[in-house]
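Reviewing the structure listed below.
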Amino acid sequence: MSVPRTVARALDPLFTSRSWILWALAVLWLTGAVGGLWVVWAYENRAGASASAPEEWPAQSGLTRASAGSTLILLAHPRCPCTQASLGELAEVLARTNIPPKTYVLFLKPDGFAEGWEHTDLWQLASTLPNATLVRDDDGIEARRFGSVTSGQTLGDDARGRLAFSGGITGSRGHQGENAGRVELIEVLNGSSARSGGTSVFGCPLFSPGSRSREKAE
Amino acid sequence: MMSLTASEPTASTERRSQELFSEHQNEIHRHTDRLFAGLMGFQWIAGILFALWVSPLAWEGPVSRTHIHVWAAIFVGGWALSQLWLFWIAPLLGAVLAGVVYRLVSGERSQAAGIEGRADVGHLPKAR
């Protein structure tokens, strides 16, 4: 008996009229599962808009940079689920620096929300960071001064107030673990690297598309 | 003095024992299938609740919308659990492949009637 005929005969029971329905259902299920996973995977790996942060510390900022040493700013949306990972990574960074930088965590509070809207679990988490100052950023005024538009955006300024790091410190949305942003920021803060090339930021947008387009028009 | 001697099982005894064994095996399979069907339903509901608890909303400044994790939990079947699809598909494909290879190696011809007949295991008429 020829091999193709043997194979065809062996496969016969797999393709009876009744089994076709099962095969169709299986293909439908597999397509749905793979397609759904692809959508989730694409979402988790889609970086937000990077900051166009000023090279020098903005003079109009209400924040004061460290008189000696580095200053670190993390901009956060208080209700962004992905930002928990950024705060976790920030804790990791602070634990690995030789000289702790002056650290600010800015929490956005858009206009029109009740007092205390920004006091979420993320605020509580950030309050456990060593030497970190939590600041409510009303309507993202400070975020705009620092050219930042995505939650999780981290800016590191050197002792002279020059921008040395601008980027995200997670590898993807809401995922903690070793990543380029964390490594580069630690190198910058520990002085083993003068400046980082910048990394992708993964988090919720700080501003709605409508408000961004209005700003551009202005 | 009486002595017990081992006798060969009769054909009817052997058939009956096969029936009892098949019925019991079938009962175990049904029980296991029901248990896992229930577990999968429970995992699905738990996945949705977990997504609603961990990441209910995605935000863009002041604007919120239902987070993609919630949709994925509902339609894909659980964000974390959905990673397990490979563990379901691989054994199924392996089983199909094993069946095909077995037929090729053993030279056994396809016996649709025999396969159909298996579905009736457990519903065999009781031996009289």
- [ ] Could you tell me whether region A:153-171 includes any residue that is more than 15 Å from the chain's Cα centre (by Cα), at positive phi and touching a residue at least 12 places away in the same chain (Cβ under 8 Å)?
- [x] yes
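Return the residues of region B:37-67 that are within 11 Å of chain A (Cβ to nearest Cβ), part of a helix (DSSP H, G or I) and buried (at least 19 other Cβ atoms within 10 Å of the Cβ); say none if nothing qualifies.
Step one: list which residues in region B:37-67 are within 11 Å of chain A (Cβ to nearest Cβ), which gives B:51, B:53-65, B:67.
Pick out the ones that are also part of a helix (DSSP H, G or I) and you get B:51, B:53-54.
Within region B:37-67, B:Ala51 is the sole residue that qualifies.
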Open item on the list: Give me the residue from region A:24-47 that is surrounded by 13 or more Cβ atoms within 10 Å (Cβ to Cβ) and more than 10 Å from chain B (Cβ to nearest Cβ) and, out of that set, farthest from A:Ser208 (Cα to Cα).
Closed with: A:Asn45
Open item on the list: So A:Asp12 passes all but one of these: (1) farther than 16 Å from A:Ala143 by Cβ; (2) part of a loop (DSSP other than H, G, I, E, B). Which condition number does it fail?
Closed with: (2)
TODO: Return the total of residues in region A:172-210 being surrounded by fewer than 18 Cβ atoms within 10 Å (Cβ to Cβ) and either of a type in the set (A, V, I, L, M, F, W, C) or not in a loop (DSSP other than H, G, I, E, B) (or both).
DONE: 7
Task: Residue that is out of contact with any strand residue (DSSP E or B) (no Cβ under 6 Å at 6 or more places or on another chain), away from chain B (no Cβ under 11 Å) and at negative phi, where the choices are A:Ala132, A:Ala114, A:Ala126 - done: A:Ala114
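Within region A:91-171, considering only strands (runs of 3 or more DSSP E) that don't extend past its boundaries, which have at least 1 residues that are at pLDDT 95 or above and in contact with a His (Cβ under 6 Å, 6 or more places away or on another chain)?
A:102-109
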Task: Counted residues, region A:48-80 - those being under 17 Å from A:Cys204 (Cβ atoms) and away from every other protein chain (no Cβ under 14 Å) - done: 3
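Which one of A:Asp157, A:Asp139 is surrounded by 19 or more Cβ atoms within 10 Å (Cβ to Cβ), of a type outside the set (Gly, Ala, Ser) and farther than 22 Å from A:Val40 by Cα?
On the way: A:Asp139 fails: surrounded by 19 or more Cβ atoms within 10 Å (Cβ to Cβ).
Being surrounded by 19 or more Cβ atoms within 10 Å (Cβ to Cβ), of a type outside the set (Gly, Ala, Ser) and farther than 22 Å from A:Val40 by Cα holds for just one of A:Asp157, A:Asp139, which is A:Asp157.
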Open item on the list: Is it the case, given these coordinates, that B:Arg34 is open to solvent by 90 Å² or more (accessible area, probe 1.4 Å), at pLDDT 90 or above and not in a helix (DSSP H, G or I)?
Closed with: no
TODO: Could you list, in sequence order, all residues of region A:122-170 that are more than 14 Å from A:Pro78 (Cβ to Cβ) and of a type in the set (A, V, I, L, M)?
DONE: A:Leu129, A:Ala132, A:Ile141, A:Val149, A:Leu155, A:Ala159, A:Leu163, A:Ala164, A:Ile169
Open item on the list: If I filter region A:103-125 for residues that are over 14 Å from the mean Cα position of the chain (by Cα) and farther than 27 Å from B:Trp53 by Cα, do I get at least one hit?
Closed with: yes
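The values are calculated or read from the model by the stated rules, or taken from the named source; none is laboratory data. The structure displayed is predicted, hence computed values, not measured ones. Cβ coordinates were reconstructed from backbone atoms using ideal geometry, including for glycine residues, and neighbour counts include every protein chain displayed. Accessible surface areas use protein heavy atoms only, side chains included; no ligands, DNA or RNA. Shrake-Rupley method; radii C 1.70, N 1.55, O 1.52, S 1.80 Å.
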